[in-house]
Amino acid sequence: MAAAELNDNKKTRLVLILVISLVCGMLILGFLISSLIKKRELKRAFDIDVKDIELPMFDLTTVTNATENFSLTNMLGEGGFGIVYKGTLTSGQEIAVKRLSKNSGQGLQEFRCEVNLIAKLQHRNLVRLLGCCLEGDERMLIYEYMPNKSLDHFIFDQHRKTLITWRKHFEIVMGISRGLLYLHQDSTLRIIHRDLKSSNILLDNNLNPKISDFGLARIFGGDQTESKTKRVVGTHGYMSPEYVVDGKFSVKSDVFSFGVLLLEIVSGRKNWKFHHSDHHHNLVGHAWKLWNEGRALEVANDIAELLLVESEVLRCIQVALLCVQKLPQDRPTMASVVVMLSNESVTLPQPKEPGFFVERSCDETDTLPFEETCLTQNGVTISVLEAR
């Protein structure tokens, strides 16, 4: 009996081992097959048909040599798409190279968008796309190089912002407004940028502004005036209420972003990082509070020649507040914005309450987990995660 039981136990263990081995083998095989399928899907998605691209092609050797083999010393910045490098061609021309990360799904989508979109756009206030490189696994966009980097390097730096006169500030504002008007109305396409912010405004040798980064941009066709998305992406402090809450975007979403940017240019302060000892408003709320108290010019206290340009500065603040009004239908179009800014004889309407002008109401700390910002509108608290 003991020998029989021993044999039965051995058989049971053997069967158990075989079953476990078979299950493990199937799991491993399933994992390998799944990984292979995902890899093929990623490769298929990563492939872009050269015939579909209406851009000059740069070969990989040229770009590699220009960036000194993508040297860290040539690195200009990094985003969800990958890394941007400075490069110099053999002709001496300086370029900016946006190199797509091979593991970036978000970057691939943005890459396709920029390739298909910006090549069709030409305006003195839009950054110029010189070409692209599609070779092997490499996907790169080649832009004109902007030696003065982006607007945020100037307006938020205590020393650099003193180097720019109010006249140049105003010229930058007008350049941005004309570039945005071109996207909304004057180009062959109606384009919603969706990510207008100070770091996406590049400055050339003469500090002329160039709107850049069209990875999130969308094209409207025919009579389309609005669209909706479940994937709300953008940057803290610049997104309109209807976009954050309902995923709705239109030209008026860009107008809201422009209004925030205009207040940042006038004040030299960031909207969503704004702090004041007397209240918990962001910059938009601070400007709205001062406007209602008849002290709007205090928004621009850092402008050295303020006494000489009071009316122009005040007009900029009023236009900005018109742009950030809560309801999109109350906001002006960019065509109206350009007229209001450039013509002092035009009478401006009184702005209504802005959207998203209270921050830090749900948490008094300066830094929130995962760069989470608390925005309050009509008592409803919305958390927006910054993914870029």
Show me, bin by bin at 5 Å from 0, the whole-percent P(r) of segment 216-274 based on Cα pairs.
4, 17, 28, 21, 15, 9, 4, 1
Name the residues whose placed amide hydrogens come within less than 5 Å of the amide hydrogen of Gly77, ignoring near sequence neighbours (fewer than 5 apart) on the same chain.
Val84
Which order do the peptides 249-258, 182-191, 206-215 come out in when sorted by mean C-beta neighbours inside 10 angstrom, highest first?
249-258, 206-215, 182-191
Would you kindly state how much longer the chain becomes between Val339 and His159 on full extension, computed as 0.36 nm times their sequence separation minus their alpha carbon distance, in nm to one decimal?
61.6 nm
Fewest first, what order do Lys86, Lys11 take by the number of other Cβ atoms within 10 Å?
Lys11, Lys86
According to the square roots a ≥ b ≥ c of the eigenvalues of the Cα gyration tensor, what is the shape class of segment 152-385, taking rounded for a/c under 1.5, prolate for a/b larger than b/c otherwise, and oblate for the remainder?
rounded
For segment 282-294, what does the Karplus curve 6.51 cos²θ - 1.76 cosθ + 1.60, with θ = phi - 60°, yield as ³J(HN,Hα) per residue in whole Hz, taken in order and with x for Gly and Pro?
7, 4, 4, x, 4, 5, 5, 4, 5, 4, 5, 8, x
Order these peptides, 158-167, 110-119, by their mean beta-carbon neighbour count within 10 angstrom, highest first.
110-119, 158-167
Hey, can you rank 22-32, 339-349, 295-305 by average C-beta count inside 10 Å, highest first?
295-305, 339-349, 22-32
Table column - 3J(HN,Hα) (Hz), segment 323-329, Karplus curve with 6.51, -1.76, 1.60, x for Gly and Pro
6, 9, 4, 4, 8, x, 5
Find the percent of Cα-Cα distances in segment 51-144 that exceed 19 Å, and round it to a whole number.
36 percent
Let me know the volume per residue of the alpha-carbon convex hull for segment 100-239, in Å³.
137 Å³
In order through segment 330-340: 3J(HN,Hα) via Karplus (6.51 cos²θ - 1.76 cosθ + 1.60), integer Hz, x for Gly, Pro:
7, 6, x, 7, 5, 4, 5, 4, 4, 5, 5
In this model, which of Lys98/Lys120; Lys98/Lys248; Lys149/Lys270; Lys98/Lys210; Lys86/Lys273; Lys248/Lys352 are farther than 25 Å apart at the alpha-carbon?
Lys98/Lys248; Lys86/Lys273
Asp137 versus Leu60, label points 7 Å from Cα toward the beta carbon: distance in nm?
1.0 nm
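A short reminder: the numbers here are calculations on the coordinates, not readings from a lab. Keep in mind that this is a model prediction, so the values were computed, not measured. Note that we place each Cβ from the backbone using ideal geometry, even for glycine, and neighbour counts take in every protein chain shown.
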